[in-house]
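Step one of this worksheet: look at the structure below.
The values are calculated or read from the model by the stated rules, or taken from the named source; none is laboratory data. The model shown is predicted, which means the values in this text are computed figures rather than measured ones. Don't worry about glycine lacking a Cβ; one is built from the backbone with ideal geometry, like all the others, and counts go over all protein chains shown.
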Amino acid sequence: MNNIGVHDVDVVVIGAGQAGLSSAYHLRRTGFEPDRDFVVLDHAPSPGGAWQFRWPSLTFGKVHGMHALPGMELTDADPARPSSEVVSEYFDRYERTFDLRVRRPVDVRAVREGADGRLLVETSAGTWAARALINATGTWDRPFWPRYPGQETFRGRQLHTAQYPGPEEFAGRRVIVVGGGASGTQHLMEIAPYAAATTWVTRRPPVFREGPYSEEVGRAAVALVEDRVRQGLPPRSVVSVTGLPLNDAIRKAIEDGVLDRQPMFDRIAPDGVEWADGRHVEADVILWATGFRAAIDHLAPLRLREPGGGIRVEGTRAVSDPRIHLVGYGPSASTIGANRAGRAAVRDIRRLLAGEPVKEAGEAAAVA
């Protein structure tokens, strides 16, 4: 303890999703002891990261790109079970197997500059003074809601993917789904059999991808994200680079007219949406499948953001403060990317705490 109520540790990890658990695993594996040398803080009520909040109809068999955490495979999972249950149980088993001692629910309110070169992590459960910080808070807590004229006049229901309850709740309703990513198409295909009518609108025409998701396609997606964040721009979604997989379910939805994309409307009316050419579609529900933004507001006191709105990083390190690592953002937002980034962050932190020079990770990038 350096002050009453302030706990001294070497490293604070914020978040216990894929990125946070990967980082904690590598800390543990390289000799850091939980509670004594590092602490993992998670605001969620139970293990599972953002997965625990996914809608029940998203079964494990529908999940694309779920990669096992380091050191323990996810085996024999029933593809028909909700992914929220499968992944939460896996994360819980992982935490216990490696004795990561995640503290929850803990809300991190702010990270500030402290005394003696330490970072003060202020939370609902007290304050920690850390020599280094791994921020692994993801995006689930910051759903992006676009704003359109007339939005406040809509008499129906508006909700975001983060609040999606499953398709049954839309029975007999006229539903507009906004968004061209994987979530938007999944919502449409689920809702269509229940709804009175569905309409799909996106800002850009969707691009459907033939063939498997190859390593080459994956590298291209990561390269594009790296290029954008290097300029301090918000990273685009992977789907915007790779396109939507053209599988049998997608083909049938196109044939049935469910995935009949319309251009983005211009304004929202009390009873639906309108386009500038006078076209009008009535609706009871607008479902915004419009993505998420990085949940990093608690880092604001450190003034890490660049004029472009992003935090410049090298590898996972913040350029303006090498004590801070961002894991699970930008190029490392995928599950396999988070695993690799967690290992890299711990490697750099070990060198930093030992007073050794930290190897350069290549050209600077920026995480929005």
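Structure notes:
- Within segment 127-178, being β-branched (Val, Ile, Thr), surrounded by 15 or more Cβ atoms within 10 Å (Cβ to Cβ), more than 30 Å from LEU27 (Cβ to Cβ) and more than 15 Å from the chain's Cα centre (by Cα) holds for VAL175, ILE176, VAL177, VAL178.
- Residue in segment 139-151 that is touching a residue at least 60 places away in the same chain (Cβ under 8 Å) and among the polar types (S, T, N, Q) present: yes
- Hits in segment 114-165 - residues which are more than 30 Å from ILE176 (Cβ to Cβ), out of contact with any strand residue (DSSP E or B) (no Cβ under 7 Å at 6 or more places or on another chain) and of a type outside the set (Gly, Ala, Ser): ASP116
Residues are listed down the side, and each one gets a yes or a no for (1) closer than 30 Å to GLU190 by Cα; (2) free of Cβ contacts under 8 Å to residues at least 12 places away in the same chain:
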position	(1), (2)
GLY15	no, no
GLN18	yes, no
SER23	no, no
ARG28	no, no
GLY31	no, yes
ASP37	no, no
ASP42	no, no
ARG54	yes, no
GLY61	yes, no
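- When GLY309 is tested against (1) surrounded by fewer than 15 Cβ atoms within 10 Å (Cβ to Cβ); (2) modelled with pLDDT of 90 or more, just one condition goes unmet, and that condition is (2).
- Verdict on ASP10 being surrounded by fewer than 17 Cβ atoms within 10 Å (Cβ to Cβ), in the same structural domain as THR123 (by TED's automatic domain parsing), more than 16 Å from the chain's Cα centre (by Cα) and not hydroxyl-bearing (Ser, Thr, Tyr): no
- For segment 297-306, the candidate set comprises residues that are surrounded by 18 or more Cβ atoms within 10 Å (Cβ to Cβ) and in contact (Cβ under 8 Å) with a residue 40 or more places away in the chain; within that set, the residue that is farthest from the chain's Cα centre (by Cα) is LEU302.
- In segment 271-296, of all residues being without any contact (Cβ under 8 Å) to a residue 60 or more places away in the chain and not in a strand (DSSP E or B), the one that is nearest to PHE144 (Cα to Cα) corresponds to TRP275.
- Residue check, LEU69 under 17 Å from ILE134 (Cβ atoms) and either surrounded by 22 or more Cβ atoms within 10 Å (Cβ to Cβ) or within 17 Å of the chain's Cα centre (by Cα) (or both): yes
- For beta carbons closer than 6 Å, sequence separation of 6+ or different chains, a first residue in segment 321-341 that is of a type in the set (Ser, Thr, Tyr) and a second that is surrounded by fewer than 22 Cβ atoms within 10 Å (Cβ to Cβ) and modelled with pLDDT under 95, the qualifying pairs are THR335/MET66; THR335/HIS67.
- Only one of VAL86, VAL40 that is assigned to a strand (DSSP E or B) and surrounded by 15 or more Cβ atoms within 10 Å (Cβ to Cβ): VAL40
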